[in-house]
1. Anything in region 66-98 that is more than 13 Å from the chain's Cα centre (by Cα), of a type outside the set (K, R) and outside any loop (DSSP other than H, G, I, E, B)? List them, or say none.
2. Would you mention how many residues in region 21-55 are assigned to a helix (DSSP H, G or I) and among the β-branched types (V, I, T)?
3. For residues in region 99-145 being outside any helix (DSSP H, G or I) and out of contact with any strand residue (DSSP E or B) (no Cβ under 9 Å at 6 or more places or on another chain), which is surrounded by the most Cβ atoms within 10 Å (Cβ to Cβ)?
4. Which residue, of V77, V112, is of a type in the set (A, V, I, L, M), closer than 18 Å to D191 by Cα and at pLDDT 95 or above?
5. Can you name the condition, by its number, that Y36 falls short on among (1) buried (at least 16 other Cβ atoms within 10 Å of the Cβ); (2) free of Cβ contacts under 8 Å to residues at least 24 places away in the same chain?
6. Could you figure out which of (1) surrounded by fewer than 18 Cβ atoms within 10 Å (Cβ to Cβ); (2) more than 28 Å from L175 (Cβ to Cβ); (3) in contact with a strand residue (DSSP E or B) (Cβ under 7 Å, 6 or more places away or on another chain) isn't true of L90?
7. If the Cβ limit is 9 Å and pairs must be 6+ apart or interchain, which residue in region 56-68 that is on the phi > 0 side of the Ramachandran plot and buried (at least 21 other Cβ atoms within 10 Å of the Cβ) pairs with which residue that is outside any strand (DSSP E or B) and among the aromatic types (F, W, Y)?
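The values are calculated or read from the model by the stated rules, or taken from the named source; none is laboratory data. Predicted, not measured: the structure shown is a model, and the values here were computed from it. Neighbour counts are summed over all protein chains in view; Cβ atoms, including those assigned to glycine, are modelled from backbone coordinates with ideal geometry.
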Amino acid sequence: MPLVPLNLLESCRSISSLKSLVLVSTYSVLTHLNTYTASKHCAEIMGLSYFHSHGLPVCICRLANIYGPGQSQDAVVPSIIRQMLQSSDLKIGNLSAKRDFLYIEDAAEALVAVMLNLEAKGQTVHLGTGTATSIGQIVEVLTQITGFQGAVQVEDSRLRSNDPNVDPPDTSFLLNHVCWKPKVDLFTGLDKTVAFLKAK
């Protein structure tokens, strides 16, 4: 059992003025099974149990694939950009795998909007655009932005058996009850990310 979420939840019980507590999770709990997603799932269960048992104003926010300036270089978007800017060819894994890509500024605003929404308490809210985009589509857009002219090489060593190729979870609660929608489209977000990495 993850002790950090448990200790946090237990400490929050003593804060009488607490209006909202957002536990950040991930879409991956629905499609992947590993130690990371298992710990996230446990934290979700503990959070909702404190809502039902103790009235703690907990909301679970499952994030889509966040991208943008400052992201770890190991993530798929900065990895593709870095290769396009530095290499003659792009080495990649599963081009057909789909994700819901959400720009970092939109993700931050969505978290704040959910935190301030009274209807979100006790809910599991999916934060994303609601649109599935394949890695291949990301490569196409980034090719336009960077002017990349190298070859795209799919390598078996980069293929993962657990790469989901599914539609994103239902974001209707976020869009209809929280009254939030993303402001940054995919092209603009990727363009900003390329500009950030070029400037580094």
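1. Answer for region 66-98, where residues must be more than 13 Å from the chain's Cα centre (by Cα), of a type outside the set (K, R) and outside any loop (DSSP other than H, G, I, E, B): P78, S79, I80, I81, Q83, M84, L85, Q86, L90, I92.
2. Taking region 21-55 first, the residues assigned to a helix (DSSP H, G or I) are 27-30, 35-54.
Of the ones still in play, those that are also among the β-branched types (V, I, T) are 29, 35, 37, 45.
Going through region 21-55 one residue at a time, the tally reaches 4.
3. Step one: of region 99-145, the residues outside any helix (DSSP H, G or I) are 99-103, 116-117, 121-134.
Narrowing the set further to residues that are out of contact with any strand residue (DSSP E or B) (no Cβ under 9 Å at 6 or more places or on another chain) leaves 116, 130.
Numbers: L116: 11, G130: 18.
Applying the filter and picking the extreme gives G130.
4. Details: V112 fails: closer than 18 Å to D191 by Cα.
The match here is V77.
5. Every condition holds for Y36 apart from (1).
6. Of the numbered conditions (1) surrounded by fewer than 18 Cβ atoms within 10 Å (Cβ to Cβ); (2) more than 28 Å from L175 (Cβ to Cβ); (3) in contact with a strand residue (DSSP E or B) (Cβ under 7 Å, 6 or more places away or on another chain), the odd one out for L90 is (1).
7. Final answer for the pair search is G68/F196.
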